[in-house]
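Have a look at the structure below, then the notes.
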């Protein structure tokens, strides 16, 4: 348990470091997405999704794309579409299941 | 073309599968391919979401290659992906005939 916590902390620190290395506009977007997505998180599984976005951002920045070219005009839609792909990581999914189970 | 994306949202997955079918590729390359096809408003993030879905459905083999210290994912269709692509075109032809 403690070992797992320490491991997670280490991973989180490594993640933060990578975020801080991003070009400013990407860093801003990444932090905003992070803040937004944690609101829906059921547990630490959301971290995996965030790490994957970070990886994409790193690649896009290297490709010389500006952040708008990556998330388009709808950064919220981008975040929402990803959340939709990972319903198991959100609490809203649990609520929806409860609602569904309320009728026979 | 404007507003094409909205109409084709559900179809994009098939088009992306088609591109991967043509040979090992990665996100940015797929985005450029779609832009060249005329999907002007497709951005990297859209393709990324589709790739995440395709990955989750288990339709691709991913290979991570690193360049400049960064990891980039390359995709190839597996048997299940090829089957899905075949079914996609069957659905498409079905619609076309209506």
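Of the helices (runs of 4 or more DSSP H) contained entirely in chain A, those carrying at least 3 residues that are under 25 Å from residue B:58 (Cβ atoms) fall at A:46-62, A:75-85, A:91-101. Against the test of being under 15 Å from residue B:52 (Cα atoms), loosely packed, with under 14 Cβ neighbours inside 10 Å and either more than 14 Å from every other protein chain (Cβ to nearest Cβ) or touching a residue at least 12 places away in the same chain (Cβ under 8 Å) (or both), the options A:88, A:104 yield a single qualifying residue, A:88.
Test residue B:13 against the stated conditions and say whether it is away from chain A (no Cβ under 11 Å), touching a helix residue (DSSP H, G or I) at 6+ places or on another chain (Cβ under 6 Å) and either crowded, with 18+ Cβ neighbours inside 10 Å or assigned to a strand (DSSP E or B) (or both). Taking the combined requirement at face value, the residue satisfies it. Is it true that residue A:33 is at pLDDT 95 or above and surrounded by 11 or more Cβ atoms within 10 Å (Cβ to Cβ)? Spelling it out, residue A:33 is indeed at pLDDT 95 or above and surrounded by 11 or more Cβ atoms within 10 Å (Cβ to Cβ). Residue A:65 meets all of the listed conditions (1) without any contact (Cβ under 8 Å) to a residue 40 or more places away in the chain; (2) under 17 Å from residue B:46 (Cβ atoms); (3) more than 10 Å from every other protein chain (Cβ to nearest Cβ) but one, namely (3).
Within region B:54-78, restricting attention to residues that are part of a strand (DSSP E or B) and away from chain A (no Cβ under 14 Å), the residue that is surrounded by the fewest Cβ atoms within 10 Å (Cβ to Cβ) is B:63. Among the residues of region B:63-91, those that are at pLDDT 90 or above and over 13 Å from the mean Cα position of the chain (by Cα) comprise B:63, B:73, B:78, B:79, B:80, B:83, B:86, B:87, B:89, B:90, B:91.
Residues in region A:68-79 that are within 10 Å of chain B (Cβ to nearest Cβ) and at pLDDT 90 or above: A:68, A:70, A:71, A:75, A:77, A:78, A:79.
The values are calculated or read from the model by the stated rules, or taken from the named source; none is laboratory data. Because the structure is predicted, anything quoted here is derived from the model rather than measured. So basically every Cβ, Gly included, is an ideal-geometry build from the backbone, and we count neighbours across all protein chains shown.
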